[in-house]
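Heads up: the structure comes next, in C-alpha cells.
The values are calculated or read from the model by the stated rules, or taken from the named source; none is laboratory data. On a predicted model such as this, the values are computed, not experimentally measured, just so you know. Neighbour counts are summed over all protein chains in view; Cβ atoms, including those assigned to glycine, are modelled from backbone coordinates with ideal geometry.
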Amino acid sequence: MNSSELLSKWKQEEEKAKIIGWNFSYIEDRFHSDEDALPWNYTDVIKRYMHDNHRILDIDTGGGEFLLSLGHPYQLTSATEGYLPNVELCRKKLGNLGIGFHEMSDYSKMPFSDSTFDMVINRHGSYDANEIYRILKSGGLFITQQVGEDNDRELVEMLLPDSPKTFAGHNLKSQTELFEKSGFKILEQGEAFRPIAFYDTAALVWFAKIIEWEFVDFSVDRCFEKLLEVEKKIAQNCSVSGRIHRFYFVAKKWC
C-alpha cells in the first residue's frame with residue numbers, strides 16, 4: 001500500500017476503536033501478549049484466601065467477566081465500575097444475578113459502610129488505600145493485580161517519543177509501602193515484565209486508541225510518520241514488540 005492508502009486504512013481502524021468490558025478479541029490474531037505467562041495466577045491467589053461465606057467486593061469490575069469467573073455466591077458479591085459503557089452493561093448483567101452493583105468513580109468516597117467486606121479485589125483498577133482499609137472488616141484482605149508504570153513503554157515511545165509516564169511511581173515497591181503506611185501487612189507479592197508484540201500496524205492503532213491513558217493524545221494524523229516507521233519495522237521483522245508490566249500483592253488489615 002502507498003502512504004495515502006495506509007492513512008485511510010489506519011483512520012478506519014481508529015474509528016473502530018471502541019470496547020465494552022475488557023475484550024481484545026477484535027485484534028486477537030494480530031497481536032500477542034504474555035499476560036497468561038506471569039509467575040503467579042491471580043485467580044489462584046484469590047481462591048487461596050477466599051471462603052464461600054466471605055462478603056467480597058470487586059473494584060473496577062469492567063464488564064464483570066473476571067468477577068463472574070470466580071463463581072462466588074452472588075448474594076455475597078458486590079462490584080463497582082465507573083466507565084459509562086461498562087456501567088450500563090453491569091447494571092443489567094450483574095444486577096440481574098443479584099450482585100450488588102454501584103457506579104463509582106470517586107475512590108476516596110466509596111459507597112459502603114465501615115467494615116463491610118471480608119475481601120476486596122481489584123484487577124487493573126484504581127483504589128484508595130485508606131478507603132480500602134475503612135470498608136474492610138478486621139482481618140480482611142485486599143488482593144490486587146496492577147498494571148505497572150512501565151507497561152507498553154517501548155510501544156508508547158515508538159509513537160509518542162519522550163512522553164511522560166502516565167502513572168509514574170506505580171510499581172510494587174511504592175504501592176506496598178503505601179499500604180503498609182495505611183495499616184496493612186503485606187502477606188505476599190510479586191512483579192514481572194513479559195513481552196507484547198504486534199504483527200499489524202492497524203492493530204497497534206486500535207490498541208493505542210483504546211489504551212488512551214498510556215498513549216496520551218495519540219491519533220493517526222498526529223503520529224502518521226511514526227506509524228510509517230512501525231510499518232517498515234513490521235515488514236522487516238514481522239512484528240514490533242514491547243513489554244507489559246504487572247505486579248500483585250495481598251494486604252491484610254490487622255485491626
Could you identify the single residue in 126, 115 that is among the polar types (S, T, N, Q), out of contact with any Phe, Trp or Tyr (no Cβ under 8 Å at 6 or more places or on another chain) and either modelled with pLDDT of 95 or more or part of a loop (DSSP other than H, G, I, E, B) (or both)? 115
Among the residues that make up the range 191-203, is at least one of them of a type in the set (Ser, Thr, Tyr) and assigned to a strand (DSSP E or B)? no
Taking the condition surrounded by fewer than 17 Cβ atoms within 10 Å (Cβ to Cβ), under 18 Å from residue 8 (Cβ atoms) and under 24 Å from the mean Cα position of the chain (by Cα), does residue 241 pass? no
In the range 175-190, what count of residues is obtained for those that are surrounded by 13 or more Cβ atoms within 10 Å (Cβ to Cβ) and part of a helix (DSSP H, G or I)? 5
Quick one: which residue in 84, 70, 94 is surrounded by 13 or more Cβ atoms within 10 Å (Cβ to Cβ) and farther than 22 Å from residue 113 by Cβ? 70
Counted residues in the range 83-123 being closer than 13 Å to residue 142 by Cα and out of contact with any helix residue (DSSP H, G or I) (no Cβ under 8 Å at 6 or more places or on another chain) come to 2
Report yes if some residue within the range 81-88 is within 22 Å of residue 111 (Cα to Cα), in contact (Cβ under 8 Å) with a residue 24 or more places away in the chain and not aromatic (Phe, Trp, Tyr); otherwise report no. yes
For residue 214: the one exception among (1) of a type outside the set (A, V, I, L, M); (2) at positive phi; (3) surrounded by 12 or more Cβ atoms within 10 Å (Cβ to Cβ): (2)
Does residue 169 meet the test of being at pLDDT below 95, out of contact with any His (no Cβ under 7 Å at 6 or more places or on another chain) and within 30 Å of residue 254 (Cβ to Cβ)? yes
Right, residue 26: closer than 20 Å to residue 204 by Cβ, surrounded by 15 or more Cβ atoms within 10 Å (Cβ to Cβ) and either under 17 Å from the mean Cα position of the chain (by Cα) or not basic (Lys, Arg) (or both) or not? yes
